[in-house]
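Taking it in order: structure first as C-alpha cells, then the write-up.
The values are calculated or read from the model by the stated rules, or taken from the named source; none is laboratory data. What you see is a predicted model; the values in this text were computed from it and never measured. With ideal geometry, Cβ positions are generated from the backbone for all residues, glycine too; neighbour counts draw on all protein chains shown. Heads up: the accessible areas ignore ligands, DNA and RNA and are worked out on the full protein's heavy atoms, side chains in. Shrake-Rupley method; radii C 1.70, N 1.55, O 1.52, S 1.80 Å.
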Amino acid sequence: MSITDVTAYMQEVGGKARAASRALAASNSGQKNQALHSIADLLDAERNTLAAENEKDLAAGRERGLSEAMLDRLELTPARMDSMIEGLRQVAALPDPVGEIFDMSYRPSGIQVGRMRVPLGVVGIIYESRPNVTADAAALCLKSGNATVLRGGSEAFHSNQAIAACIRQGLEQAGLPGDAVQVIETTDREAVGAMIAMPEYIDVIIPRGGKGLIERISKDARVPVIKHLDGICHVFVDDEADPQKAFDVCLNAKIQRYGTCNTLETLLVHDTIAEDFLPVMAKAYTEKGVELRGCEKTCAILGEDCISATEEDWDTEYLAPILSIRVVDDMQQAMDHIEEHSSRHTESIITENITKARRFLQEVDSSSVMVNASTRFADGFEYGLGAEIGISTDKFHARGPVGLEGLTSVKFIVLGDGHIRT
C-alpha cells in the first residue's frame, strides 16, 4: 500500500484503535471467544492464500540475501499454521480476566471498596520476522479486551496482511469492530516513530525482537514500554546441593534450547564442591558441543576443556552453545555476581537448605527466581498463563511472563447506598 503521509495515516489508525477499544471494553467473553474461533476457522480455510502470500515474502527475502535462520523464522509451514490456529482456540478457552472484582471490603463509613480488572486500552506491538506473532498477539489482546495496533517486520509484510484480513473478518462476524486489530499497512520505518509517540491513542508499547529494536523503542518512546533487553540468566550450585539435581538442572538450563531468553548463560558453583562437580558437568557440556569459558579457578580445575572468561563474558547473552562458569566462595558472592551482571530475567539456586533457598528467593532481584528448577521454565505457558505476549524485566506495570492478566490494569470501585461523607 502506498501511503504518502505516514504521520497522518498513523493518527488515523490510532483514532480507530481508540474508538474500537471502547467497544471492546463493553463486549462480553462470549463475543470475544466467538471472534477467536471465527479467526481460527478463517485461517484454516485460507491456508492456500496464507501459503501463497508467505511465499512472496520468502522469495523477496531470498533475493535480499536474508540468512537461513531468518528465512526459517519467516516461513509459515503447515505445522506452524496448525500451531497458530490451535493457539487462538487455546486463548479462547482461557478464563477472561476482564471484569473480575476482588478485595471487596466494608469501610467504617458503610461503603464497600474493592478493585475491578479492566483492559489497558490500546496496545501497540512492534515485532520482527515471525508472522505467527500477528495472530498470537491479536488473540491475547482481544481476549484481554484491548484494541491493538501491530507493526510487523517488513520482511513478513504479505504474510501479515493475509493474516490481518482473516482477523478483521473474524472480528466482524462476532459483531466486534474490525479496527480492534489493525496491522500497519506500510513498511515505512517512520510508522514506528509515529506509533511510539502517540500517547493520546496508544496506552502501552510491547517490542518483540532483537536488542537493537528494543533499545531504540525504549529510548525514543513517549508511551510506556513493556520489555526486556537481555536474558543473562544464572544458576548457582550451592555446597548443599543434591549432585544429581544440580547436574540435571544445569544441563537442561543450557542445552534444552540455546537461542531463548531463559537459557542459562552463567553457571556459578560453590568453591567447596567445584573440584568434584565441575569435571562431571564439563564432560556433559563438551559432549553436547558447548564451549566453556571460566574464571581462573574454573580453568585450573578443567584445564584444556575451558578457556579464560573475559569481563565481557559475564555481561553477555550468548544465545549459543557457549557458557560462562565462575567458582564463588559462598552464596553471598554468588548473589553479588548476579546483582552486578544479571539482566533481571531469571536466576535459580540448587540447594537442599531451605533457609538458603528462602534467602535467595527474597534477595535476588529478578523477574523470576527459582529453587531447584531449570531457568527454561520461565515461560508463560509453563507458568500456567496459557500464553504470553512477552517477558518483562521492568518492575512496572508487569513483571515476568506477560499473559492475559498482564495486559489488564485495575481500578477501584465503590458500592454505596446513598452514602455521603461527613
Point to revise | Residue ID - most open to solvent (accessible area, probe 1.4 Å), chosen from residues in the stretch 224-249 that are in contact with an Asp or Glu (Cβ under 7 Å, 6 or more places away or on another chain) and aliphatic (A, V, I, L, M) | key: LEU229
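Mind checking whether some residue in the stretch 362-377 is among the aliphatic types (A, V, I, L, M), open to solvent by less than 10 Å² (accessible area, probe 1.4 Å) and either within 20 Å of ILE125 (Cβ to Cβ) or touching a Ser or Thr at 6+ places or on another chain (Cβ under 6 Å) (or both)?
Going through the stretch 362-377, the residues among the aliphatic types (A, V, I, L, M) turn out to be 364, 369-371, 373.
Going one step further and asking which of them are open to solvent by less than 10 Å² (accessible area, probe 1.4 Å), we end up with none.
No, because not a single residue in the stretch 362-377 is among the aliphatic types (A, V, I, L, M), open to solvent by less than 10 Å² (accessible area, probe 1.4 Å) and either within 20 Å of ILE125 (Cβ to Cβ) or touching a Ser or Thr at 6+ places or on another chain (Cβ under 6 Å) (or both).
Among the listed residues ILE338, ILE301, ILE325, ILE354, which satisfies the condition of being open to solvent by 50 Å² or more (accessible area, probe 1.4 Å), in contact with a Leu (Cβ under 8 Å, 6 or more places away or on another chain) and among the aliphatic types (A, V, I, L, M)? Explain how you work it out, then say what you get.
Working: ILE338 fails: open to solvent by 50 Å² or more (accessible area, probe 1.4 Å); ILE325 fails: open to solvent by 50 Å² or more (accessible area, probe 1.4 Å); ILE354 fails: in contact with a Leu (Cβ under 8 Å, 6 or more places away or on another chain).
Residue meeting the stated conditions: ILE301.
Among the residues of the stretch 79-97, is there at least one that is open to solvent by less than 60 Å² (accessible area, probe 1.4 Å), in contact (Cβ under 8 Å) with a residue 12 or more places away in the chain and touching a strand residue (DSSP E or B) at 6+ places or on another chain (Cβ under 8 Å)?
Yes: one or more hits.
Quick check on this structure: which one of LEU319, LEU267 is over 14 Å from VAL237 (Cα atoms) and either touching a residue at least 40 places away in the same chain (Cβ under 8 Å) or touching a Phe, Trp or Tyr at 6+ places or on another chain (Cβ under 7 Å) (or both)?
On the way: LEU267 fails: over 14 Å from VAL237 (Cα atoms).
From the options LEU319, LEU267, the qualifying one is LEU319.
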Check your understanding: Can you name the condition, by its number, that ILE163 falls short on among (1) of a type in the set (A, V, I, L, M); (2) over 24 Å from MET10 (Cβ atoms); (3) open to solvent by less than 10 Å² (accessible area, probe 1.4 Å)?
Key -> (2)
Check your understanding: Which numbered condition trips up LEU76, out of (1) assigned to a helix (DSSP H, G or I); (2) out of contact with any Asp or Glu (no Cβ under 6 Å at 6 or more places or on another chain); (3) under 19 Å from GLY152 (Cα atoms)?
Key -> (1)
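Hey, can you tell me all the residues within the stretch 98-118 that are touching a strand residue (DSSP E or B) at 6+ places or on another chain (Cβ under 7 Å) and open to solvent by 70 Å² or more (accessible area, probe 1.4 Å)?
Start the filter on the stretch 98-118 by keeping residues that are touching a strand residue (DSSP E or B) at 6+ places or on another chain (Cβ under 7 Å), which leaves 98-107, 111-118.
Passing the criteria: GLU100, ILE101, ASP103, TYR106, ARG107, ARG115.
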Review point. Just to be sure, is GLY231 within 19 Å of the chain's Cα centre (by Cα) and over 30 Å from ALA40 (Cβ atoms)?
Key: yes
Review point. Can you name the condition, by its number, that SER409 falls short on among (1) of a type in the set (Ser, Thr, Tyr); (2) modelled with pLDDT under 90; (3) more than 14 Å from the chain's Cα centre (by Cα)?
Key: (2)
Review point. Going by the conditions given, is ALA25 open to solvent by 50 Å² or more (accessible area, probe 1.4 Å) and of a type outside the set (Ser, Thr, Tyr)?
Key: yes
Point to revise | Count of residues meeting criterion [out of contact with any Ser or Thr (no Cβ under 9 Å at 6 or more places or on another chain) and open to solvent by 70 Å² or more (accessible area, probe 1.4 Å)] in the stretch 1-22 | key: 5
Study note, to complete from the structure: All-but-one check, GLU304 against (1) more than 21 Å from ASP394 (Cα to Cα); (2) of a type outside the set (Val, Ile, Thr); (3) outside any loop (DSSP other than H, G, I, E, B); (4) modelled with pLDDT of 95 or more, failing number (4)
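Being of a type in the set (A, V, I, L, M, F, W, C) and either touching a strand residue (DSSP E or B) at 6+ places or on another chain (Cβ under 7 Å) or over 23 Å from PRO119 (Cα atoms) (or both) is the filter here, so list the residues in the stretch 195-224 that pass it. Let's see the steps before the verdict.
Looking only at the stretch 195-224, we keep the residues that are of a type in the set (A, V, I, L, M, F, W, C), and these are 195-198, 202, 204-206, 213-214, 217, 221, 223.
Listed by number, the residues that qualify are MET195, ILE196, ILE202, VAL204, ILE205, ILE206, LEU213, ILE214, ILE217, ALA221, VAL223.
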**Study point:** Cross-chain or 6+ apart pairs with Cβ under 7 Å, the stretch 98-124 first and among the aromatic types (Phe, Trp, Tyr), then open to solvent by 50 Å² or more (accessible area, probe 1.4 Å) and not in a loop (DSSP other than H, G, I, E, B)
**Key:** PHE102/ARG115
Review point. Given the conditions (1) open to solvent by 30 Å² or more (accessible area, probe 1.4 Å); (2) in contact with a helix residue (DSSP H, G or I) (Cβ under 6 Å, 6 or more places away or on another chain); (3) assigned to a helix (DSSP H, G or I); (4) within 30 Å of PRO401 (Cβ to Cβ), and given that TRP314 satisfies all but one, which numbered condition is not satisfied?
Key: (1)
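Only one residue in GLU172, GLU185 is over 25 Å from the mean Cα position of the chain (by Cα) and either open to solvent by 50 Å² or more (accessible area, probe 1.4 Å) or hydrophobic (A, V, I, L, M, F, W, C) (or both). Which one? Steps first, answer last, please.
Working: GLU185 fails: over 25 Å from the mean Cα position of the chain (by Cα).
Just one listed residue meets the conditions, GLU172.
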**Study point:** Per-region count, the stretch 254-289, residues within 26 Å of the chain's Cα centre (by Cα) and either surrounded by 15 or more Cβ atoms within 10 Å (Cβ to Cβ) or not small (Gly, Ala, Ser) (or both)
**Key:** 14
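Considering only residues that are open to solvent by 10 Å² or more (accessible area, probe 1.4 Å) and either outside any loop (DSSP other than H, G, I, E, B) or modelled with pLDDT of 95 or more (or both), which ones fall in the stretch 127-152?
ASN132, ASP136, ARG151
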